[in-house]
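Each remark here refers to the structure printed beneath this line.
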Amino acid sequence: MVVKRFFVNKPLAEYLKINRERLDASPSYRAECFDRIFPSTVFKGTNQSPTIRWIYNRCADGRAVVTPRDVLDLLIRAKQRQQDICAADPEAASDSIIGPMAIQYGFEELSKRKRQTYLQAEFPHLWKDIEKFSGGKTDYNSSALQTLLGVGWKTIVENLLDVGFFSKRTRKSEIVYSIPFLYRHGMNLTQGMA
């Protein structure tokens, strides 16, 4: 979907010599075309996720749901940021059409937007509880949640799991509730356990 959307732009498709018939027919060719636009990883170093995996992981909510709208929103904002970067320094060299800084910016903007247009706008009845996590940590155990949310914390946590604000896993025989990447930037969270 992403690659097809990008190559609707005829000048870009011509510049990168994209074969439109192969694009429609071959998943491996689509992956190759994705790599012509984006860097192989968003961050340098060993053990980094490929860019497509990084984007997917950042767009997943606590239920592991990734919506095409969120992916497109991230990439549209990344494209706009890349255009701004190129306009500021037209002579700068780049290894990719849309670079790592622009992708990171796109994610940050998506996270802020999701806070306002999804969490705050669609769940006003949960907002006072969600807002308690602003500026906090990314992971919580039962004790920390009870302290933060007070009486009825279990019901609140179940509601937050239902809307994808939390994911739940077991770590060292303790249940840990994590706020997904999708909301972390918009909530100004720091990595770690509360």
Hey, Arg169 within 30 Å of Pro50 (Cβ to Cβ) and touching a strand residue (DSSP E or B) at 6+ places or on another chain (Cβ under 9 Å) or not: yes
Of all residues making up region 7-24, the number that are within 14 Å of Asp35 (Cβ to Cβ) and in contact with a Phe, Trp or Tyr (Cβ under 7 Å, 6 or more places away or on another chain): 2
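Rundown of residues vs (1) more than 24 Å from Cys59 (Cα to Cα); (2) surrounded by 13 or more Cβ atoms within 10 Å (Cβ to Cβ); (3) free of Cβ contacts under 8 Å to residues at least 40 places away in the same chain; (4) of a type in the set (Ser, Thr, Tyr), yes/no style:
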position: Leu126; (1), (2), (3), (4): no, yes, yes, no
position: Tyr140; (1), (2), (3), (4): no, yes, no, yes
position: Gln146; (1), (2), (3), (4): yes, yes, yes, no
position: Leu161; (1), (2), (3), (4): no, yes, no, no
position: Phe165; (1), (2), (3), (4): no, yes, no, no
position: Arg171; (1), (2), (3), (4): no, no, yes, no
Qualifying residue in region 49-58 (condition: closer than 29 Å to Gln116 by Cβ and small (Gly, Ala, Ser)): yes
Positions within region 173-183 being surrounded by 12 or more Cβ atoms within 10 Å (Cβ to Cβ) and either in contact with a helix residue (DSSP H, G or I) (Cβ under 8 Å, 6 or more places away or on another chain) or not in a strand (DSSP E or B) (or both), in sequence order: Ile175, Tyr177, Ile179, Pro180, Phe181, Leu182, Tyr183
Residue satisfying all of: in region 42-78; under 10 Å from the mean Cα position of the chain (by Cα) and among the aromatic types (Phe, Trp, Tyr); surrounded by the most Cβ atoms within 10 Å (Cβ to Cβ) among these: Trp54
Index of the failed condition, Gln48 passing every other in (1) touching a strand residue (DSSP E or B) at 6+ places or on another chain (Cβ under 7 Å); (2) more than 28 Å from Arg169 (Cβ to Cβ): (2)
Members of region 128-157 found to be under 16 Å from Leu189 (Cα atoms) and either at pLDDT below 95 or assigned to a helix (DSSP H, G or I) (or both), listed by number: Asp129, Ile130, Glu131, Lys132, Phe133, Ala144, Leu145, Leu148
Inter-residue pairs, beta-carbon under 8 Å, first assigned to a helix (DSSP H, G or I) and in region 98-121, second buried (at least 18 other Cβ atoms within 10 Å of the Cβ) and of a type in the set (S, T, N, Q), 6+ apart: Ala102/Gln82; Ile103/Thr51
Output for region 2-45, where each listed residue is out of contact with any Leu (no Cβ under 7 Å at 6 or more places or on another chain), of a type outside the set (A, V, I, L, M) and in a loop (DSSP other than H, G, I, E, B): Asn9, Lys17, Asn19, Ser26, Phe38, Pro39, Ser40, Phe43, Lys44, Gly45
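The values are calculated or read from the model by the stated rules, or taken from the named source; none is laboratory data. Note that the coordinates shown come from a computational prediction; the quantities given were computed from them, not determined experimentally. Cβ coordinates were reconstructed from backbone atoms using ideal geometry, including for glycine residues, and neighbour counts include every protein chain displayed.
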